[in-house]
Amino acid sequence: MLHSPAELTPTLETLAYHRTRTVHWLATATAMAAVIAAAGFIQPAIGTAATPADPSGTTGPQATAPDPAAVTYPLDCKGTPQTVTATAQGDLDGDGRPETVAAVRCAAGSGTPPHAIYVLAQDRAEGSRPRVVATLLDAARRQTATDLTVSDGIVTARLLGYSSPQIPRYDPDVKQLAKWRWTGGKFRQELTDSTAARV
């Protein structure tokens, strides 16, 4: 059966379709070859680590604990200087930023003045100053704090006191191991002993 020349000639639409497919295939093959060739020259950086994120979720250096020397404490020393005898640092409330716990007492010339224990925090804003946010031990309890530590969000200190007013202030005869934990929006004190134990 013979076909007319018109029947053997493809339409412009058919030519455009096949040409588009051919050009598209060639472009895709060329691009793939270029990617494969380039991959042989690109090597991952060795020994380069990303800057670790701090616990607050931002990258950069770790936050520093508040400076205990930059605080005026609410301790009435009646004109004598205040002195910080011990400090410990750690994240007490789980916000990813460390707090400072400071044992402070009056710098008396003699005897053993009682301690107060304060928690210091500092705002994230640049230039902010540390401040007292909680009092764990009031000086009115007439106790001396030793072995101050922070571990796993718990503040621990050994408290030395007196069984009676007749006991000399330089020779405490009662001790307690006290722990403070941030829970329910406040610090709660736990004593390892139900009563004070004699030294």
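The values are calculated or read from the model by the stated rules, or taken from the named source; none is laboratory data. None of these values were measured; they are calculated from a predicted model. As a convention, Cβ positions derive from the backbone with ideal geometry for all residues, glycine included, and neighbour counts pool all protein chains shown. Quick note on the areas: whole protein, heavy atoms, side chains included, nothing else; ligands and nucleic acids left out. Shrake-Rupley method; radii C 1.70, N 1.55, O 1.52, S 1.80 Å.
Annotations
- The ratio of the alpha-carbon radius of gyration of region 65-153 to the globular-protein estimate 2.2 N^0.38 Å is 1.10.
- Separation in nanometres of the label points that stand 7 Å from Cα toward Cβ, at residue 93 and residue 125: 1.6
- Rounded if a/c under 1.5, otherwise prolate or oblate - region 98-199, Cα gyration tensor axes: oblate
- Candidate aspartates and glutamates - alpha carbon under 13 Å from residue 186, same-chain residues fewer than 8 apart omitted: 93
- Extension gain for residue 64 to residue 151 (0.36 nm times residue separation, less C-alpha to C-alpha distance): 29.7 nm.
- Residue 188 versus residue 133: modelled label distance in nm, points set 7 Å from Cα along the beta carbon direction: 1.9
- Note that region 65-199 presents 55 Å² accessible area per residue, ligands and nucleic acids not counted, probe 1.4 Å.
- Computed from backbone phi, the HN-Hα couplings of region 150-167 come to 10, 8, 6, x, 10, 8, 10, 8, 8, 9, 9, x, 9, 7, 7, x, 7, 6 Hz, rounded to whole numbers (Karplus: 6.51 cos²θ - 1.76 cosθ + 1.60, θ = phi - 60°; Gly and Pro given as x).
- In region 98-194, chymotrypsin sites (Phe, Trp or Tyr not before Pro) in a DSSP loop with at most 14 other beta-carbon atoms within 10 Å: 170
- Percent accessible area from carbon and sulfur atoms, region 84-192, protein chains only, probe 1.4 Å: 45
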